[in-house]
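Worksheet for the structure shown next.
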Amino acid sequence: MIAFRVAYSLGQTLFGKLLDRIGTRRGLTLTVAFYSVISILTSFAQGFRSFATFRFLLGAGESANWPAATKAVSEWFPKKERGLATAFFDSGSSIGAAVAPFIILSIYFRWGWRPAFMIPGFLGFIWLIGWRWLYQPPERHTRISQAELQYIVADKTEDDLQQGNTVRPRWRDLLKFPQTWGVIVAKLFTDPVWFFITDWFPIYLVAKGIELRSSLVAIWIPFVAADIGNFFGGAVSGYLIKRGWSLGAARKALVIFGGIGVTMLIPTIFTSSLYLIASLFGFATFSFAAFSTMANVLPSDLFRSDSVASVSGLSGTGAGLGTIFAFKLIGYFSDARQQTAGHSFDPIVIVAGLVPFFGMILVLLLVRNTKATDLGLVKRI
């Protein structure tokens with residue numbers, strides 16, 4: 001697991017740069033083909049070392065998915081629709097993660113663990129056929145009308161006039177911009193909280209003295225709420241832009257909502273009511289998802305298409321490494337407080353509720369128009 005997460009975290013920065021260099025269609029074709037082959041080869045693993053190596057390579061290959069999705073949204077959607085488009089791929093990944101265990105476990109119980117890796121690998125190649133057939137940048141796509149193309153590229157034309165003929169920034173150039181750090185912070189201060197909820201929520205309920213047998217329905221509430229929150233964030237920000245709000249104001253309104261809403265995790269330490277805890281977690285994940293959608297759309301709002309995947313990758317790396325570090329701390333503190341029956345997670349939940357709030361403050365301070373905006377290095381927001 002740690003091999004996969006380390007590779008997945010570091011790979012986002014590397015593959016983000018690659019995607020900006022060779023394009024979304026070609027880049028995702030190469031990476032999906034790569035990790036599909038690795039998934040198939042994993043079924044031939046003979047021991048811990050070979051299995052860990054394949055898991056590392058699988059994590060590295062899959063790390064391109066998120067920067068590629070962000071870049072594809074930047075290529076195909078104007079600013080008033082990007083938030084909702086981002087919500088679709090964000091929620092799609094959550095739904096896939098929820099459905100996949102049922103499929104994989106049925107394969108495992110019927111045929112064993114090796115086909116459970118081999119079959120998804122072959123499915124990756126089937127997906128690639130559809131990807132190669134359907135996806136092209138809008139300027140080269142044969143299935144859209146001239147009116148649709150003009151609608152899609154209107155924002156790009158405006159941005160090109162604003163930015164002029166600038167050279168594609170390097171990593172060190174991007175890291176000089178406060179806007180880049182704002183994007184990194186938006187992911188770094190939200191993703192670890194989400195993974196804490198997805199991996200530790202049932203354990204938290206047990207620590208509160210609640211039997212999992214009686215809480216199976218309640219366990220789903222935070223996850224369903226998060227999916228709804230994704231669409232809420234994307235739709236509301238798009239609606240505000242259509243109503244005349246500036247792009248920055250529309251995105252930041254949802255960041256503020258999300259940063260404040262996640263603090264609803266904190267009151268759960270004062271109750272042992274299953275449905276009150278589930279409801280508070282549900283509102284917190286709903287709010288988190290609205291914030292997360294803005295975090296995912298910000299690279300395409302702030303940067304040209306030839307830098308979107310690079311910035312998205314940098315933010316993904318920061319979030320991934322932050323999540324690994326957070327999990328180490330969560331394990332340590334929950335073990336250290338085992339004697340405090342029912343309250344072993346209290347400090348962790350308080351921190352989880354406050355971290356996105358502080359992330360919100362930093363995003364508001366960092367994501368702004370600066371001298372780099374005036375020079376055409378970053379888009380005006």
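Entry for the stretch 258-381 at q = 0.13, 0.21 Å⁻¹: log10 I(q)/I(0) = -0.66, -1.25, Debye formula applied to identical alpha-carbon scatterers, no solvent contribution. Highest mean packing comes first when the peptides 321-327, 37-43 are listed by Cβ atoms within 10 Å, giving 37-43, 321-327. Over the stretch 90-152, accessible surface divided per residue gives 70 Å², non-protein components excluded, 1.4 Å probe. In the stretch 1-148, Rg over Rh equals 1.01, where Rg is the alpha-carbon radius of gyration and Rh the Kirkwood radius from pairwise Cα distances. When the solvent-accessible area of the stretch 1-151 is split by element, carbon and sulfur atoms take up 71 percent of it, the probe being 1.4 Å. Based on the Cβ-Cβ distance of Ser272 and Ile2, what FRET efficiency does E = 1/(1 + (r/R0)^6) give at R0 = 41 Å, to the nearest 0.05? Computed FRET efficiency for Ser272 and Ile2: 0.80.
Considering the stretch 87-162 at the alpha-carbon level, its Rg and Dmax are found to be 19.3, 59 Å.
Expressed in units of 2.2 N^0.38 Å, where N is the residue count, the Cα radius of gyration of the stretch 12-80 is 1.30.
Volume per residue, Å³, of the convex hull around the alpha-carbon atoms of the stretch 202-268? Walk me through the intermediate numbers first.
On the way: hull volume 5.6 nm³, N = 67.
Here the figure is 84 Å³ per residue.
Per residue, the convex hull spanned by the alpha carbons of the chain comes to 145 Å³. Protection proxy ranking for 131-137, 313-319, 265-271, 149-155, using the average of other Cβ atoms within 10 Å per residue and placing the highest first: 313-319, 265-271, 149-155, 131-137. Listed by chain and number, the lysines placed with their C-alpha closer than 23 angstrom to that of Lys208 are Lys328; residues fewer than eight positions away on the same chain are left out. Over what distance in Å are the Cα centres of the stretch 38-67 and the stretch 84-161 separated? Rounded to whole Å, the Cα centres lie 20 Å apart.
Return the lysines within reach of Lys371: Cα separation strictly under 21 angstrom, same-chain partners fewer than 8 residues apart disregarded; answer none if there are no such residues. Straight-distance partners of Lys371: Lys156, Lys176, Lys252, Lys379. Taking the alpha carbon gyration tensor of the stretch 261-314, multiplying each eigenvalue by 5 and rooting it gives semi-axes of 35, 8, 7 Å, largest first.
May I ask you to give the percent of accessible area on the stretch 166-244 that is carbon plus sulfur, with a probe radius of 1.4 Å? Please report the intermediate quantities before stating the final value.
Numbers: 2620 of 3830 Å².
Carbon plus sulfur share of accessible area: 68 percent.
The values are calculated or read from the model by the stated rules, or taken from the named source; none is laboratory data. Fair warning: this is a prediction, and the values are worked out from it, not measured in the lab. When we count neighbours, we look across all protein chains shown, and the Cβ atoms used for this are built from the backbone with ideal geometry, even at glycine. In case anyone asks, the SASA skips ligands and DNA or RNA and just uses the protein heavy atoms, side chains included. Shrake-Rupley method; radii C 1.70, N 1.55, O 1.52, S 1.80 Å.
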